[in-house]
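Okay, so here's the structure we're looking at.
Read-outs: derived from the displayed coordinates by stated rules, not from any lab. The shown structure was predicted, so the numbers you read here are calculated from the model rather than taken from an experiment. Neighbour counts are summed over all protein chains in view; Cβ atoms, including those assigned to glycine, are modelled from backbone coordinates with ideal geometry.
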Amino acid sequence: MGPAPFIVVLDANVLYPFTLRDTLLRAAAAGFYQARWSSQILEETTRNVVRNTGMTAEGANRLVATMNRVFPEASVTGHELLIGAMPNEDKDRHVAAAAVAAGAQVIVTANLRDFQVLPGAIEAQSPDEFLGNLFDLDPDGFVGLLRDQASDLKKPPLSFDELLERLERMVPTLVATVRAHVAPAG
């Protein structure tokens, strides 16, 4: 799959849970969509990774550096002047401004209430809704992506079902859809 024309800003709160971040970034790498973020989003991600996952600051900085290296086109700049004009909640206006500057169609966030009012045709989607929409684009390809994700995990190793169990806490509708898709007919 080549690069999709669909541009999506990932909010910090979907980038710090490891399994969810891994799934979102693998989907971008596979060409389901184009990921975007700003330095402010990555700073918030770094703070939350350290605070909520026990990763060291050094580890979090390596993670962000790797994300920027693997997705060099993802970094949005020049949005700072737009922040004050954004109609959503103050603390998340920088995310909406990054979406406008990037030409994004969607902001993926676990905090939909702060994005109820957005400029233009930008839409906020939960990670569950967003990943479900990606699944609908190519169900077999998306399941293959999840199977690859599970088989790539070594510390600790995870089966496909164990990966789905981890994802289920954050994206239950997607997991139910994937399970129904892979269930034997009959």
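General remarks:
- Taking the Cα centre of the chain as reference, the dipole from Cβ charges on Lys and Arg (+1) and Asp and Glu (-1) amounts to some 440 debye.
- Normalising the average separation of contacting C-alpha pairs (under 8 angstrom, six or more residues apart) by the number of residues puts the relative contact order of the chain at 22 percent.
- Nonlocal amide H pairs with Glu123, under 5 Å, H built at 1.01 Å: Val106, Ile107
- In order along the stretch 20-37, the phi-based Karplus estimate (6.51 cos²θ - 1.76 cosθ + 1.60, θ = phi - 60°) of 3J(HN,Hα) comes to 5, 4, 4, 5, 4, 6, 5, 5, 5, 4, 7, x, 5, 6, 9, 7, 9, 7 Hz; Gly and Pro are listed as x.
- Of the residues His181, Asn13, Gln34, the one whose Cα sits farthest towards the positive end of the charge dipole of the chain is Asn13 (charges of +1 on Lys and Arg Cβ, -1 on Asp and Glu Cβ, taken about the Cα centre).
- Maximal additional length on extending the Glu43-Arg69 stretch stands at 7.8 nm, based on 0.36 nm per residue less the C-alpha distance.
- Over the stretch 99-186, all Cα pairs binned in 10 Å intervals from 0 give whole-percent P(r) values of 16, 39, 29, 14, 2, listed from short to long.
- Within the chain, percent of DSSP bridges classed antiparallel, to nearest 5: 10
- For a label point 7 Å along the Cα-to-beta-carbon line of Ala85, residues of the stretch 101-137 with backbone N under 17 Å: 101-104, 118-122
- Two-decimal log10 I(q)/I(0) for the stretch 137-182, as the Debye equation yields it once each C-alpha is a single scatterer, q = 0.18, 0.30 Å⁻¹: -0.50, -1.18
- Net charge over other residues, Cβ less than 15 angstrom from the Cβ of Val50 (K, R count +1; D, E count -1): +1
- Hull volume per residue, based on the alpha-carbon atoms of the stretch 48-153 and their convex hull, is 144 Å³.
- For the chain: Kirkwood Rh in Å [reciprocal of mean 1/r, alpha carbons]: 16.9
- Under 5 Å between amide hydrogens, built in the peptide plane, is the criterion, and for Ser38 it picks out Val76 among residues at least 5 positions away or on other chains.
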